[in-house]
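The values are calculated or read from the model by the stated rules, or taken from the named source; none is laboratory data. Please read all numbers here as calculations on a predicted model, not as lab measurements. As a convention, Cβ positions derive from the backbone with ideal geometry for all residues, glycine included, and neighbour counts pool all protein chains shown.
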Amino acid sequence: MLVKENDTNYFATDALSNSRLSQILKCPLLYKVNLPITSKSMELGSLFHAMVLEPETLNERFQEKLDLRTREGKAQAKRANEGEVTLVTSSDWETARAMSASLTRNTIWERMVSAGFDAEISVYSTYRGLDVKGRLDVLCELDGATYIADLKTTKDASPESIQKSIATFGYHRQAAWYKLLMHLEGIDVKDFIFFFVETHAPYIITPVILDIVAEETGMDELEHAVQLYIDCMTSNNWPGYTDSIAYIGLPGYYYKKTTR
């Protein structure tokens with residue numbers, strides 16, 4: 001099932017997602033506790049997403065932070081504390097605007113905009129008897145084929161740095177998971193395109209499609225995560241990083257440094 005809904009409804013729906021499965025792969029106990037994760041980079045990324053994908057909701061969800069010493073600033077802070085709005089600095093606002101402007105000049109993105117696309121689409125399905133979900137940034141029909149696109153903010157959009165980011169943040173699992181969800185709903189996706197956007201001038205854009213080996217690796221890892229989830233649910237045992245003593249030395253780069 002494909003649904004156009006807001007973030008609040010999506011995150012309130014209890015189902016397995018790629019981000020939750022990534023928690024399980026790192027440590028099942030992290031999944032069980034499910035602590036919220038926030039950071040300055042995530043706030044900028046959310047602002048950028050709203051500017052590009054849902055500009056009609058931008059001013060409802062984000063506001064430039066006012067001076068707390070003023071009556072307006074205090075009222076704004078109260079709304080933010082109650083979760084009604086996210087406050088961002090004027091610097092972040094201008095950065096997100098510059099990133100958005102840079103993206104509009106990318107020829108591949110221009111083709112998607114010209115073809116028309118649906119933004120922030122939730123996908124719900126069932127896999128191995130489990131409720132599963134995902135949230136697509138962009139779903140686009142182009143030249144008779146279906147594409148998914150995802151926006152990523154980054155300090156370095158060089159291919160070498162992106163390769164490291166894919167491995168670090170599990171983007172290969174994300175691509176595999178979203179393609180699987182769409183397949184379960186009877187829609188075959190030709191390609192999953194990441195748009196990596198730098199957060200500093202000149203706000204370079206690097207579109208990326210993962211190779212088949214990366215996606216297959218991602219799916220293998222997801223299968224392992226799903227089975228681990230099933231095992232933990234069945235046993236009601238959610239282990240930490242290790243149940244025994246971890247014997248740990250210094251990282252390899254340290255020894256290289258000391259032998260120079």
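Restricted to the stretch 67-92, and to residues there that are touching a strand residue (DSSP E or B) at 6+ places or on another chain (Cβ under 8 Å) and not in a helix (DSSP H, G or I), the residue that is surrounded by the most Cβ atoms within 10 Å (Cβ to Cβ) is Val88.
All conditions in (1) surrounded by 14 or more Cβ atoms within 10 Å (Cβ to Cβ); (2) free of Cβ contacts under 8 Å to residues at least 40 places away in the same chain; (3) outside the structural domain of Leu139 (by TED's automatic domain parsing); (4) among the charged types (D, E, K, R) hold for Glu54, with the sole exception of (2). Taking the criterion of being surrounded by 18 or more Cβ atoms within 10 Å (Cβ to Cβ) and in a strand (DSSP E or B), the residues of the stretch 174-206 that qualify are Phe192, Ile193, Phe194, Phe195, Phe196, Val197, Glu198, Ile205, Thr206.
Under 28 Å from Leu66 (Cα atoms), without any contact (Cβ under 8 Å) to a residue 24 or more places away in the chain and more than 18 Å from the chain's Cα centre (by Cα), is that true of Arg79? Yes; evaluated as a whole, the condition is true for this residue. Put simply, of Ile162, Ile230, Ile187 the only residue that is under 20 Å from the mean Cα position of the chain (by Cα) and touching a residue at least 24 places away in the same chain (Cβ under 8 Å) is Ile162. Residues in the stretch 147-170 that are within 23 Å of Asp92 (Cα to Cα), in contact with a Leu (Cβ under 8 Å, 6 or more places away or on another chain) and β-branched (Val, Ile, Thr): 1 in all.
Checked against (1) among the β-branched types (Val, Ile, Thr); (2) surrounded by 13 or more Cβ atoms within 10 Å (Cβ to Cβ); (3) closer than 30 Å to Asp143 by Cβ, Thr107 passes all but a single condition, namely (2).
Checking Phe169, Phe195 one by one, the residue that is under 23 Å from Ala15 (Cα atoms), in contact with a strand residue (DSSP E or B) (Cβ under 9 Å, 6 or more places away or on another chain) and not basic (Lys, Arg) is Phe169 and no other. Within the stretch 6-20, the set of residues being assigned to a helix (DSSP H, G or I) and of a type in the set (D, E, K, R) comprises Asp7, Arg20. Listed by first and then second residue, the pairs with beta-carbon distance under 9 Å, at least 6 apart or on different chains, first residue in the stretch 22-33 and within 19 Å of Gly218 (Cβ to Cβ) and not assigned by TED's automatic domain parsing to the domain that holds Gln174, second at pLDDT 95 or above and surrounded by 19 or more Cβ atoms within 10 Å (Cβ to Cβ), form an empty list.
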